[in-house]
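Below: the structure, in structure tokens.
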Amino acid sequence: MRKAVLAVLSVQAALTLGFILTLRSGLFPLGIPGEWEWLRLPRGVTPIALQWAIGVSAVLGYAMFSGWGMTFLGMTPSRLKQGTAVVGLVVASLVAQMLVAIAAPEGYGMAKWILALHNPGSNGYYTVAKNQMSDPWRFLEDYPNWIRKQDALHVGTHPPGLFLVQRGLLNAMEASPETARFVVDHLPQSVSMAFTVVEQYAHLPRADRATLALTGALTMLLCSSTVLPLYLLARSVLPANAAWAAATLWPLVPSAILFQPTADTAFPFLSTSALALAAYATRGTPRSGLIAAAGSGAVLALGMGFTLAFLPIGLIVAILIATAPGRSLRQKGEAIAVVGLGFLVPTLLGWGFTRSNPFLTWWWNQRNHARFYVEYPRSYLAWVVANPVELAVAIGLPGAVWGLVGIARVREAPRVSLATLSLLVVLTLSGRSLSEVARLWLPMMPALLVAAGAGLARLGGGGASLGISVGLIGVQTLFLQATIQVVYPT
């Protein structure tokens, strides 16, 4: 290894070890006291030895796979070779996330699929879908009026997409008892055991059990599958092995695992897909570019059906196209216009089909969000300092270090990473995003990892250095999930 790579790996190891010792000491707050802190697990709640062994083995195995894949791909592999590697990465990503989740203390791994999703204080979407959406069409038509009366927390700040998913799954399971039975009979033991806890205070029919379990499973599947659009996004500006490095960092990112099964962990799949399509909107033939631009707009429209977090993603899409080299201003303008059309057409069609005004819904969503800082004040300067620290921990300290290397030379840094980082700085300094960034900024995190891949490539790091970094991120995640809780209501 080169001396520079060894120096970076040494910094990563020191930061990871220092963080773990600090975290486990319990001497430092996990946020700003009196305003917002992530909770620690109750004393005595720890993973059993077998669970810990499974998690450590999963991290080691995935780290070795990551390093092997980087060597396997090389700089310019064939499309077949890339396709084979990325398909393998999607599978490995899902397996790694599941096994690391198993290593959490009892009740804090995949049991969250039931305990958190059923609890309205943690989620709320299932509760609304179950109790208030007997007529989904009427619910949708009245949604703008309904949402303006909701709270400033997660329910009141979201468009109807998450409620629709829950109602759709519930309807499907009620209409197909055989499918519901199959799902419930083939759940991991920890998920099945969680139902016994819920049954102590609420009876759950089989269809409801299957709905909650499928919600958790689909969320994890989308989260783990983010490696596919992330590889494509990184590949638009990096050689294959560097794009692989960026993508393989994602599955063990602390926030991607700890915040399961909240929908925030599924959103990166859509946000990264929109960015990847935008990256290819100014590449190839004009026709293929415009198709990619329309696809990016359509994905943004879908994302806006779930969360306003896709507003900043839309801005990054526009910046990515506007700053693309090798295209005229006219071509860039056309691509941005097509993104807009790709967004507006499905949005307007959805409005006409459901008679639910999305623009009025988004207006009330942002009004509800604006109330949050009135009802829950935040100390501006304290969070301006805390946000970047929390982001570095959330994305994995080793990945953050490689990202800093990747953007150190601004002119050579991936534009998508610079645009994303700049936007996060603006959100922080403007006071629009103070606290909980480990969860709220999940849709933007994959774009930052592109800089990590660029940093590794810039210093000439190989498969061994990637494997070490991935392993360190995994170790950080294992200790985090054995120390804190971030999904259950506070």
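Results, tabulated for the structure shown:
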{"quantity": "In order through the stretch 298-305: 3J(HN,Hα) via Karplus (6.51 cos²θ - 1.76 cosθ + 1.60), integer Hz, x for Gly, Pro", "calculated": "5, 5, 4, 4, 4, x, 5, x"}
{"quantity": "Kirkwood Rh in Å, taken over the stretch 65-120 so that all alpha-carbon pairs contribute", "calculated": "13.6 Å"}
{"quantity": "The stretch 1-57: C-alpha gyration tensor shape, a/c 1.5 cut-off, then a/b vs b/c", "calculated": "oblate"}
{"quantity": "Per residue convex hull volume, Cα atoms of the stretch 349-490, in Å³", "calculated": "172 Å³"}
{"quantity": "Environment charge of ALA322, counting only residues whose C-beta is closer than 14 Å and scoring Lys/Arg +1, Asp/Glu -1", "calculated": "+3"}
{"quantity": "Net lengthening on full extension, LEU344/VAL95 (0.36 nm per residue, minus Cα-Cα)", "calculated": "85.9 nm"}
{"quantity": "Estimated vicinal HN-Hα couplings, Hz - the stretch 280-297 in sequence order (Karplus 6.51, -1.76, 1.60; Gly, Pro = x)", "calculated": "8, 5, 10, 10, x, 6, x, 5, 5, x, 5, 5, 5, 5, 5, x, 4, x"}
{"quantity": "Likely footprinting exposure, ILE407, ILE316, fewest C-beta neighbours within 10 Å first", "calculated": "ILE407, ILE316"}
{"quantity": "Alpha-carbon spread of the stretch 387-445, three principal axes, descending order, Å", "calculated": "30, 23, 17"}
{"quantity": "Alpha-carbon Rg with Dmax, taken over the stretch 279-436, Å", "calculated": "18.1, 51"}
{"quantity": "Label-point separation, VAL197 to LEU222 (7 Å along Cα→Cβ), nm", "calculated": "2.4 nm"}
{"quantity": "Within-15-Å neighbourhood charge of PHE259 [Cβ basis; K, R +1; D, E -1]", "calculated": "-1"}
{"quantity": "Value of Rg/Rh across the stretch 256-334 [Cα atoms, Kirkwood radius]", "calculated": "1.05"}
{"quantity": "Descending semi-axes in whole angstrom, ellipsoid equivalent of the stretch 23-101, from the Cα gyration tensor", "calculated": "37, 17, 11"}
{"quantity": "Expected 222 nm ellipticity per residue - DSSP helices of 4 or more, -39500 (n - 2.57), all of the chain, to 500", "calculated": "-22500 deg cm²/dmol"}
{"quantity": "Environment charge at LEU404 (Cβ cut-off 15 Å; Lys +1, Arg +1, Asp -1, Glu -1)", "calculated": "+1"}
{"quantity": "Estimated distance in nm for a label pair at PHE353 and ALA53, the labels positioned 7 Å out from Cα along Cα-to-Cβ", "calculated": "5.1 nm"}
{"quantity": "Whole-number D in µm² s⁻¹ for the stretch 115-250, Kirkwood Cα-pair radius fed into Stokes-Einstein, 25 °C, 0.890 mPa s", "calculated": "144 µm²/s"}
{"quantity": "Cα-only Debye scattering, the stretch 288-356: base-10 log of I(q)/I(0) at q = 0.13, 0.16, 0.26 Å⁻¹", "calculated": "-0.37, -0.53, -1.12"}
{"quantity": "Amide hydrogen neighbours beyond the local backbone of SER122, cut-off 5 Å, H modeled", "calculated": "none"}
{"quantity": "Euclidean distance between Cα centres, the stretch 297-327 to the stretch 123-161, Å", "calculated": "25 Å"}
{"quantity": "Cα-based convex hull volume of the stretch 176-305 per residue, rounded to whole Å³", "calculated": "142 Å³"}
{"quantity": "Gap separating the Cα centres of the stretch 401-436 and the stretch 191-268, nearest whole Å", "calculated": "24 Å"}
{"quantity": "Cut-off under 5 Å, modelled amide H: who pairs with LEU39 long-range", "calculated": "GLN485"}
{"quantity": "The stretch 9-14 - phi-based ³J(HN,Hα) in whole Hz, Karplus 6.51/-1.76/1.60, Gly and Pro as x", "calculated": "4, 5, 5, 4, 5, 5"}
{"quantity": "For the chain: relative contact order, % (alpha-carbon pairs under 8 angstrom, 6 or more apart)", "calculated": "27 percent"}
{"quantity": "The stretch 161-235: chymotrypsin sites (Phe, Trp or Tyr not before Pro) falling in loop per DSSP and having at most 14 other Cβ within 10 Å", "calculated": "TYR201"}
{"quantity": "Approximate spin-label separation GLU412-THR71, in nm, with each point projected 7 Å along Cα-to-Cβ", "calculated": "2.6 nm"}
{"quantity": "For the stretch 181-227, average projected area of the Cα convex hull in nm²", "calculated": "3.5 nm²"}
{"quantity": "Taking all pairs of distinct alpha-carbon atoms in the stretch 64-189, Kirkwood radius in angstrom", "calculated": "18.3 Å"}
{"quantity": "Evaluated at q = 0.24, 0.25, 0.26 Å⁻¹: base-10 log I(q)/I(0), Debye formula over Cα of the stretch 403-479", "calculated": "-1.13, -1.15, -1.17"}
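Read-outs: derived from the displayed coordinates by stated rules, not from any lab. Every value quoted in this text rests on a predicted model; they were computed, and no experiment measured them. Quick reminder, even Gly has a Cβ in these numbers, built from the backbone with ideal geometry, and neighbours come from all protein chains shown.
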